[in-house]
Amino acid sequence: MKKFITFLLLLFFNSTTFSQYLEEARGWFEKYEYKKSAEAYSKSNEIGNLSIDDLNRLAYSYFIIGEYKKCRPIVDSLIKRDNIPPLFFYIDGELSKEEGNYLKAKESFEKYMLLDTEVNIDTKIKSCKLMPLWEPISNAVINLKEYN
């Protein structure tokens, strides 16, 4: 009986903590405090499963604050779903471009363009085609005194 009561108490406290972190995360997100939002959503995700909307907010928060490695697995899971916001194809394109996977970036940007025609990202698509052709510059020295 003690184990059962202990189990119920732990379950109650976990659900209460989950709700508190979730409420806090949503509040930070609405205030555009994406770093704090990501931290609170991350804590919530450790305790329980987040809804799709909350996963969207967590991925967006990670993307905005530059936490691309944390953003990647969430975006990968989101773009496999139906009816996700087109923005996540754009984010996937940016993440792929950052990782050097220009073909995947181009494909994601093209999917984004099919779903959202308001923003033209043709230059991003063209850059993904050209970037593999660029040769890296290993020892570039810029003399700023000439420009200052």
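The values are calculated or read from the model by the stated rules, or taken from the named source; none is laboratory data. Here the structure is a predicted model, which means the values were calculated and not measured. Accessible surface areas use protein heavy atoms only, side chains included; no ligands, DNA or RNA. Shrake-Rupley method; radii C 1.70, N 1.55, O 1.52, S 1.80 Å.
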For region 24-70, with all protein chains present and a 1.4 Å probe, just round the carbon and sulfur fraction of the accessible area to a whole percent.
45 percent
Shape call, region 54-127: gyration tensor on alpha carbons, a/c limit 1.5:
oblate
Skip the ligands, DNA and RNA, and give the accessible area per residue of region 81-140 with a 1.4 Å probe, whole Å².
70 Å²
Could you sort Glu67, Glu99, Glu94 by accessible area so the largest value comes first, with the probe set to 1.4 Å?
Glu99, Glu67, Glu94
Show me, for region 51-58, the HN-Hα J-couplings you get by feeding each phi into the Karplus relation (A = 6.51, B = -1.76, C = 1.60, θ = phi - 60°), rounded to Hz, glycine and proline as x.
6, 4, 4, 5, 5, 4, 5, 5
Assuming a ≥ b ≥ c are the square roots of the Cα gyration tensor eigenvalues, decide whether region 90-148 counts as rounded (a/c under 1.5), prolate (otherwise, with a/b larger than b/c) or oblate.
prolate
Arrange the residues Val75, Val141 by how much accessible surface each exposes, largest first, with a 1.4 angstrom probe.
Val141, Val75
Under Karplus coefficients 6.51, -1.76 and 1.60, residue-wise ³J(HN,Hα) of region 83-98 in Hz, glycine/proline x
6, 8, x, x, 3, 6, 6, 5, 4, 4, x, 5, 5, 5, 4, 4
If the limit is 23 Å between Cα atoms, which of Lys69/Lys106; Lys69/Lys124; Lys70/Lys126; Lys80/Lys111; Lys43/Lys69; Lys31/Lys106 go over it?
Lys70/Lys126; Lys31/Lys106
